[in-house]
Amino acid sequence: MAAAAEEFDVDGRAVRVSSPDKPYFAELGITKRDVVSYFLSVGPGILGALRDRPTTLERWPGGVVEGAKLSTRADHRGDAFYQKRVPKGAPDYVETARITFPSGRPADEVCPTELAVVVWAANLGTLTFHPWPVTRADVDRPDQLRIDLDPQPGTDFADAVAMAHEARALLAELGMVGFPKTSGGRGVHLYVPVEPRWTFVQARRAVIALGRELERRNPERITTKWWKEERGERIFLDYNQMARDRTIASAYSIRPTPRALVSAPLTWDELDDARPEDFSALTMPARFAEVGDLHAGVAEQAFGLEPLLEMYERDQRDRGEGDLPYPPEYPKMEGEPKRVQPSKARDD
């Protein structure tokens, strides 16, 4: 008979997990219990990625099954959804942080402070955690630059890796260091720890400046073009992942893929030989036991944004390159160009 519930001891905190035998990745034989056990096995890593950060929960309460889809702003009928506000009835050890959306509306988001919160969220069907690049000490000033290298049609993970190395070289020229990880899909993410002295607008501009310089050095291989029709077969550096309330999957999150792939921190030396499919909820526990948290260093240093912001200002002054379009749900931002795709603008 399947267990109705099971209690996990998480650092002295008892966390109840209902229906632990429920299939979450049925083809792999992964149950809810296995998901909880996975997060416990990478506990220091997942907590290091989330600690004190307002975090959106990506919940798949029915598990990942063929045909399941994620709810969107346009269609709320999906099988999974993003939880941006703390759920009602959350236990008292689930702390929150007050954030403000681009619309100006506030919300209290889950702000993990201990591993029990991760297990509690997993019980709700959370597979992927989306932490903001801020801490609750100052929710308006990012302490991380997150560089999302997203393969476009005609490119693949190897192309993203090549551009990650180019980004690493440019960051080194500026006296900065980035920490790579797989996205859990075909892309590569770089985390650059920064001093929390700048606004989201400034942090986003810093990433734009980095992307533009990479574009100039590798015009056939990487782009910052927001409109898909302009990107071509290049890696898209998604600068809007640094806009307020835009997040990426945390390190050690499970992605809703048939193979239960995870977002895996890597060393620079192993990046070239890595394959996204090598890192899953089944393989990561043994890897973590061997190498530990390769992103622990993100919390151990911080860099200034001055070099990148100077590049942005220089591009604006000498090249006439100003701001770039924001995501469609944002209010019109100061200095933003017309938010319409080029083909429609020509038609108009």
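When you go through (1) within 21 Å of Q241 (Cβ to Cβ); (2) open to solvent by less than 60 Å² (accessible area, probe 1.4 Å); (3) in contact (Cβ under 8 Å) with a residue 40 or more places away in the chain one by one for P337, which number turns out not to apply?
Looking at each condition in turn, P337 falls short on (3).
Quick check, is T155 touching a residue at least 12 places away in the same chain (Cβ under 8 Å) and assigned to a strand (DSSP E or B)?
Answer is no for this residue.
Residue check, E215 against (1) closer than 27 Å to K338 by Cβ; (2) crowded, with 19+ Cβ neighbours inside 10 Å; (3) of a type in the set (D, E), all met but one. Which one?
So the condition that E215 fails would be (2).
Please work out if D323 is assigned to a loop (DSSP other than H, G, I, E, B) and either among the hydrophobic types (A, V, I, L, M, F, W, C) or under 19 Å from the mean Cα position of the chain (by Cα) (or both).
no
Can you tell me which residue within segment 252-267, out of those that are outside any strand (DSSP E or B) and open to solvent by less than 10 Å² (accessible area, probe 1.4 Å), is farthest from T128 (Cα to Cα)?
L266
So V298 fits all but one of (1) farther than 29 Å from L170 by Cα; (2) surrounded by 13 or more Cβ atoms within 10 Å (Cβ to Cβ); (3) of a type in the set (A, V, I, L, M); what number is the exception?
V298 satisfies all of (1) farther than 29 Å from L170 by Cα; (2) surrounded by 13 or more Cβ atoms within 10 Å (Cβ to Cβ); (3) of a type in the set (A, V, I, L, M) except (1).
Scan segment 214-226 and give yes if some residue there is assigned to a helix (DSSP H, G or I), touching an Asp or Glu at 6+ places or on another chain (Cβ under 8 Å) and at pLDDT 95 or above, otherwise no.
Yes, that holds for at least one residue.
Scan segment 299-315 and tell me whether some residue there is of a type in the set (K, R), over 18 Å from G185 (Cα atoms) and out of contact with any Cys (no Cβ under 6 Å at 6 or more places or on another chain).
yes
Condition check: in contact with a Pro (Cβ under 7 Å, 6 or more places away or on another chain) and β-branched (V, I, T). Does V177 satisfy that?
In short, no.
Condition (residue is farther than 26 Å from T128 by Cβ, free of Cβ contacts under 8 Å to residues at least 60 places away in the same chain and more than 16 Å from the chain's Cα centre (by Cα)) applied to segment 182-197: is it met by at least one residue?
no
Which count do you get for residues in segment 158-174 that are open to solvent by 60 Å² or more (accessible area, probe 1.4 Å), in contact with a strand residue (DSSP E or B) (Cβ under 8 Å, 6 or more places away or on another chain) and without any contact (Cβ under 8 Å) to a residue 60 or more places away in the chain?
Selection size over segment 158-174: 1.
Can D143 be described as over 20 Å from G45 (Cβ atoms) and modelled with pLDDT of 95 or more?
In short, no.
Taking segment 8-24 as the region of interest, how many residues are open to solvent by 10 Å² or more (accessible area, probe 1.4 Å) and either within 14 Å of V117 (Cα to Cα) or in a helix (DSSP H, G or I) (or both)?
Total meeting the criteria: 7.
Listed residues P112, P102; which is closer than 24 Å to Y326 by Cβ and either open to solvent by 30 Å² or more (accessible area, probe 1.4 Å) or not aromatic (F, W, Y) (or both)?
Among P112, P102, only P102 is closer than 24 Å to Y326 by Cβ and either open to solvent by 30 Å² or more (accessible area, probe 1.4 Å) or not aromatic (F, W, Y) (or both).
Here's a check for you: in segment 25-60, which residue that is among the hydroxyl-bearing types (S, T, Y) and touching a Phe, Trp or Tyr at 6+ places or on another chain (Cβ under 7 Å) is surrounded by the fewest Cβ atoms within 10 Å (Cβ to Cβ)?
Per the stated criteria, the residue is S41.
Among the candidates T128, T199, which residue alone is surrounded by fewer than 21 Cβ atoms within 10 Å (Cβ to Cβ) and of a type in the set (S, T, N, Q)?
Exactly one of T128, T199 is surrounded by fewer than 21 Cβ atoms within 10 Å (Cβ to Cβ) and of a type in the set (S, T, N, Q), namely T199.
Would it be correct to say that E277 is assigned to a helix (DSSP H, G or I), surrounded by fewer than 19 Cβ atoms within 10 Å (Cβ to Cβ) and touching a strand residue (DSSP E or B) at 6+ places or on another chain (Cβ under 7 Å)?
Yes: the conditions hold for E277.
Name the single residue, out of those in segment 301-320 being among the aliphatic types (A, V, I, L, M) and outside any helix (DSSP H, G or I), that is most open to solvent (accessible area, probe 1.4 Å).
A302
The values are calculated or read from the model by the stated rules, or taken from the named source; none is laboratory data. Just so it is clear, the structure is predicted and the values come from calculations on it, not from any experiment. All Cβ positions, even for glycine, are placed from backbone atoms using ideal geometry, and neighbour counts span all protein chains on display. Keep in mind that these areas ignore ligands, DNA and RNA; they rest on the heavy atoms of the full protein, side chains included. Shrake-Rupley method; radii C 1.70, N 1.55, O 1.52, S 1.80 Å.
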